[in-house]
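Data block below; observations after.
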Amino acid sequence: MSFSGYSFVVVTLLSIVTQIYGSCNVDPNAHPQPAATSGFKAHPQPAATSWFKAHPQLTATSDLNTLGRTNLDPMVDLLPAETVLVHNRVRAEVGVGPMVWDFKLAAFAQNYANVRSKDCALQHSTDEMYGENIAAGWLKSKESMSGPIAAKLWYGEKKFYNYQTNKCSGMCGHYTQMVANQSHRVGCGHVRCHADTYLWVVCNYAPRPMGDENTRPY
């Protein structure tokens, strides 16, 4: 596979459930996404953990386009604080309360990332206890794959989701998982492959959203 120019990130995305909230039939007459609803749906927030105490907190007004570092260090590929922030900015757009980082979920996600370390195959775990999003991409000098970049890519599916019909005109399962009001916690894992040139990211969500074609994510 060759890459040229400013092809900074090559990403293939899979969803743990093919449209957990509705069918994925192409809808050429999709209506525009409705305006965000007002207010947050309150969720209890746990006490600050040592990880967040040890890292500067990003403001809620940070521009999504500034999230995700360029020249990534192998130790900070995941960037948990920024990854959570991207999720919460996306959720706030539709009036859904914030998620919090869950270390148990992160350990679960990292365990599966370690399983995929030999091949970085874009394949979901077989344990369906949690919601799951995965992404992978090359590490370049700009917009390299990272936790927040993966979240921004999932956010990019918003344009394919029609809230009024609860249908998709393209892949949008990663986006609907991000904004699912049934999920309050997120934890992610990652692994580098191909001589540290390729990053594989997985995020797990709890509680796992349980819905059907008549149930919207929010």
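The values are calculated or read from the model by the stated rules, or taken from the named source; none is laboratory data. Since we're looking at a predicted model, the values are computed, not measured. Accessible surface is based on the protein model in full, side chains and every heavy atom, while ligands, DNA and RNA are left aside. Shrake-Rupley method; radii C 1.70, N 1.55, O 1.52, S 1.80 Å.
Considering only residues in region 103-123 that are of a type outside the set (A, V, I, L, M, F, W, C) and open to solvent by 30 Å² or more (accessible area, probe 1.4 Å), the one that is nearest to V179 (Cα to Cα) turns out to be K104. When P209 is tested against (1) outside any loop (DSSP other than H, G, I, E, B); (2) open to solvent by less than 10 Å² (accessible area, probe 1.4 Å), just one condition goes unmet, and that condition is (1).
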